[in-house]
Amino acid sequence: MEHDTIIIGRCVGVERSPGDDKMGELTVKEAAMLWGITERRAAVLCKEGRIEGAYKKGRCWMIPANAEKPSDGRIKSGGYRKRKIPSNLPMPVGISDYRLASSEYYYVDKTMMIKDFLDERPMVSLFTRPRRFGKTLNMDMMRTFFEKTDEDTSIYFRDKKIWACGKKYRDYQGKYPVIFITFKDVKRETWEQTYEQISRILRQEFQRHSGLLESEYCSKYEKAYFKAVLEEKADSTDMMMSLQSLSQMLDEHYGVPPIIIIDEYDTPIQQGHMRGFYDDVILFMRNLFSGGFKDNRHLSYGFLTGILRVAKESIFSGLNNLKVNSILDNGYSEYFGFTPQEVKEIVHYYGADEKFEEICAWYDGYRFGDSDIFNPWSVINYFGNGCRPRAFWQSTASNDIIGEVLTNADTEIYERLNDLLQGGSFLTYIDTSVIYPQIRSNPSSVYSFLLVAGYLKAESAEISFNGDYMCEVSLPNREIAIVYNKEILQKFTNMIPQAAAISIQEALYSNDAARLQKELRRLLLQSVSCYDAVGENFYHGFVLGLCAIMDNRYFISSNGESGEGRYDIQLLPRSKNMPGILIELKAVKNITGEKLKRLSETALAQIEDRRYDTDMTSKGIHTIFKYGVAFSGKQVEIASASDQG
């Protein structure tokens, strides 16, 4: 079968002279411009045979000049249908190029961020947000709007909200040279490897501005330095000066100081902390940023993004023109992530209005400043996955730091984190400028890191006496509960041998209570200290940690409402040919034998009496394994029953 490749933009093998359009033919690009649709959309319509007379010439489609765009959105010569067919642009999964995202995909318009910036115009702005909340796409939007290029980039904004704000704002479009650097992929094992990758990224940006080598406004000395960078002859001191030197040359050449954008500036710093070259990366970054942003008269404006503020590390030492915009600040709060109204517009566009509540349960719940925010990465992937919910966010980055903290966490911290998974919340001190060494030396700072990294939400925030915050924190949504299991409760991975975990899973699946009891007791004896086994919260987390590694086959929830109460743990199968699993836990100190057995039977009876299986049976799951599990120290008794559909 022959597969057509959709080619847009410049067509290979098609030569057109100024008179070609008079001969009755249009290219896809010309037709798209005429009809006000994207080139890709026009090409798809050609491929689907929906434009009469369209044919391929070389690798490109040619369209009859008399073809019309009907009011229903279909293009053909002849009669029209009254029913409107939506264009159904795809969601921009993994797209961080603004021009591509805004012209070829469904784009959630964030261009009013430009207006807010121009109304305030701070010299240097730092935006701290969790990973995958649109930082890179927004920075590329700022770059595309402000950058002076040979291309007329205003076409990417003429149908956006910023363009309707008036000439005052439009006059800034395309007026500045721009230095754009992203460190989001700098994740190497050694400082030598990291330095080489950072140097390569800086060289690529110099190459993008290689026209400066021909500038009559730049000195021979500056051009010699420029060549040394390009030819990999510059030493580390030269590379530390690169932002300062490049900004000076751009200012001299264009007569306008450039804008400097640094995306994900703290990714190499986190890597340095985890891999043991923290001091090296801090020294380099401090000097690099100092040259670019501190007292640089060749700078118009600067933008930086990252997860952490990192102010105490003196990365921005003496930078008194820095405006920090954290997740607890109101400024720019609606521009990173999707607002409820934006999500409602998305579900309506795709004809999935009935899915709004499901999206809320899975991906809503973040609070940035005074804005309610959805996780944009997960919402986009939800539609890309046929509107089937999953924890899309869990595999987007490494979270070694969380594991590092939990390895040394005390019982109070662990129990607090476990309470969150059961729907609880608590008041805690939040330092939005928490730094990586502080996380290691002060485990209680884990709450600050979890909040700024997107694992917690602030139900409320009050400014404390020293300018930091006291926040009531909780888990945002169902997705984070699953991510929490996989990434935060992985304290258990060092404690639970893989063979034991597999045996316990097999016992759960086969409703083998005797084997399950035997394996759990063996695990408790081998892996759990008497100090750890202090109460039901611990055992709840212990069992939940075991279940967490099974969530590729189950939706795992804790302390959820069903029937006439709240179950402890529910494993809802993703496939109806798998059994559902309900677990009710009890823990009492210093009992054994028959008393512990009766306690397990009490737990099992609670599942039946309070009809905890209501939620699963309503979803068509009729084979349900039920476990009443009673703990006392390292002793465990299990009672079980099953409903066979």
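The values are calculated or read from the model by the stated rules, or taken from the named source; none is laboratory data. Because the structure is a prediction, the values reported are computed rather than measured. Virtual Cβ from ideal backbone geometry, glycine too; neighbours counted across all protein chains shown.
Values as computed for the structure displayed
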item	result
Options Ser562, Ser575; residue that is at pLDDT 70 or above, of a type in the set (Ser, Thr, Tyr), surrounded by fewer than 20 Cβ atoms within 10 Å (Cβ to Cβ) and in the same structural domain as Ala500 (by TED's automatic domain parsing)	Ser575
Flag for Met113 being in a helix (DSSP H, G or I) and touching a Ser or Thr at 6+ places or on another chain (Cβ under 8 Å)	no
Matching residues, the stretch 273-309, being free of Cβ contacts under 8 Å to residues at least 60 places away in the same chain, in a loop (DSSP other than H, G, I, E, B) and under 26 Å from His209 (Cβ atoms)	Lys294, Asp295, Asn296, Arg297, His298
Which listed residue is polar (S, T, N, Q), within 30 Å of Ala481 (Cβ to Cβ) and surrounded by 17 or more Cβ atoms within 10 Å (Cβ to Cβ), from Asn375, Asn385	Asn375
Residue list for the stretch 335-348, restricted to those being surrounded by 16 or more Cβ atoms within 10 Å (Cβ to Cβ) and either at positive phi or not in a loop (DSSP other than H, G, I, E, B) (or both)	Gly337, Phe338, Glu342, Val343, Ile346, Val347
Hey, Leu328 touching a residue at least 40 places away in the same chain (Cβ under 8 Å), touching a Cys at 6+ places or on another chain (Cβ under 9 Å) and among the aliphatic types (A, V, I, L, M) or not	yes
Matching residues in the stretch 417-427 - criterion: being modelled with pLDDT of 85 or more and either under 24 Å from Phe133 (Cα atoms) or within 21 Å of the chain's Cα centre (by Cα) (or both)	Ser425
Filtered residues of the stretch 238-272 (kept if in a loop (DSSP other than H, G, I, E, B) and closer than 21 Å to Lys220 by Cβ)	Met241, Gly255
Among residues of the stretch 567-594, those that are small (Gly, Ala, Ser) and under 31 Å from the mean Cα position of the chain (by Cα), counted	2
From the options Gln438, Gln394, residue that is in a helix (DSSP H, G or I), at pLDDT below 85 and closer than 23 Å to Ile95 by Cα	Gln394
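This table checks each residue for (1) buried (at least 19 other Cβ atoms within 10 Å of the Cβ); (2) over 30 Å from Gln207 (Cβ atoms); (3) among the aromatic types (Phe, Trp, Tyr); (4) in contact with a Gly (Cβ under 9 Å, 6 or more places away or on another chain).
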residue: Glu120; (1), (2), (3), (4): no, yes, no, yes
residue: Leu137; (1), (2), (3), (4): yes, no, no, no
residue: Ile155; (1), (2), (3), (4): no, no, no, no
residue: Trp163; (1), (2), (3), (4): no, yes, yes, no
